[in-house]
Structure formats: structure tokens, C-alpha cells
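What follows draws every value from the coordinates through simple rules; no lab data is involved. These figures come from a predicted structure and were not determined experimentally. When we count neighbours, we look across all protein chains shown, and the Cβ atoms used for this are built from the backbone with ideal geometry, even at glycine.
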Amino acid sequence: MFTLKSEIQFDMAHYLSGYEGKCNNIHGHRYRLVVKVSSETLHEEGQLRGMVTDFSNVKAVLKEIHDLFDHKLVIEDNEEGRRVVNKLNESGKLFDIFMVPYRPTAEEMSRHIYHEIKKRGIPVTEVELYETPTNSCTYREAM
Ligand SMILES: [Zn+2]
């Protein structure tokens with residue numbers, strides 16, 4: 001089994017609705033995303049001979065993931081989330097908000113990121129998302 005590993009970091013704000021504690025308030029993290037791409041075999045001919053995939057393909061997809069989340073305020077698309085967005089918009093200042101159909105925890109984000117990478121044709125096998133330097137969530141699916 002061959003496994004490529006590549007990583008990026010991004011800055012993002014969120015809050016956890018319905019959470020008792022300080023994470024109920026809008027706050028930010030510097031996320032670190034470590035992605036593993038695996039294959040039992042290597043390409044046998046052409047441009048990719050001897051490779052699982054080209055690192056530059058992985059990097060290009062990770063750049064798209066970076067741009068999806070970086071410097072955004074990520075809010076769950078529910079009644080409370082829409083109320084927060086309306087309130088922010090009343091200030092007249094436009095915020096770069098990314099509405100997602102889930103509570104933006106490291107667990108839900110790592111699953112979302114896994115599927116975003118997979119649908120771009122990269123044979124991803126594991127996504128590890130660090131919310132802080134010492135806390136992360138790993139998401140993988142059976143191959
Ligand atoms: Zn947080």
C-alpha cells in the first residue's frame with residue numbers, strides 16, 4: 001500500500017449553536033488539514049508512471065478546500081443560523097459567510113472535506129482535521 005500525505009492550513013470562524021459554553025460564541029481557529037491518498041498499485045504508464053497520483057493534483061484540490069473555508073465565517077444553515085446572518089447583515093458590513101447543512105464541528109467538517117476531495121477524483125483514504133494544535137478528528141471510510 002502506498003500513501004501520499006499532504007497538508008494545508010486555513011483560518012476560519014464558527015460557533016456551535018445549542019452548545020452550553022464559550023464555543024457558543026463566534027470564535028476562530030487556525031485549522032490544520034492533513035490528507036492521505038492511498039493506492040495498492042502505481043500507475044504503469046504515461047505521465048503518472050510510478051505514482052499514486054501527481055502531488056500537484058492533490059495540492060490543487062487542497063487549494064480549493066482552503067479557498068472554500070479560509071477567512072470565512074461558517075454557520076449552520078438552520079433557523080438560528082439564518083437569524084445570525086440577518087443580524088450581521090443589518091450592520092451594513094458584508095461578511096464572507098459559508099452556510100453549511102451541519103453543525104461546524106471538526107467531525108462534520110472532516111467528513112465534508114473528505115467528500116469534497118473524493119468528488120474531485122482524488123483517491124483520498126483519510127482526512128485529519130486539527131482544530132487546535134493538540135485536538136483533531138480523523139475521518140475515513142471503508143475502501
Ligand atoms: Zn471552535
Fill in the blank from the handout: Per the C-alpha gyration tensor (a ≥ b ≥ c, the square roots of its eigenvalues), the chain is rounded if a/c is under 1.5, else prolate if a/b beats b/c, else oblate; here it's prolate
Fill in the blank from the handout: Mean Cβ-within-10 Å packing, highest first, puts peptides 133-142, 29-38 in the order 29-38, 133-142
Completion exercise
Relative to the chain, whose Cα atoms define the longest principal axis, helix 79-90 and its Cα axis are tilted in degrees, nearest 10, by 70 degrees
Problem - Cα-Cα over 18 Å, subset of Lys36/Lys63; Lys36/Lys59; Lys72/Lys118 - result: Lys72/Lys118
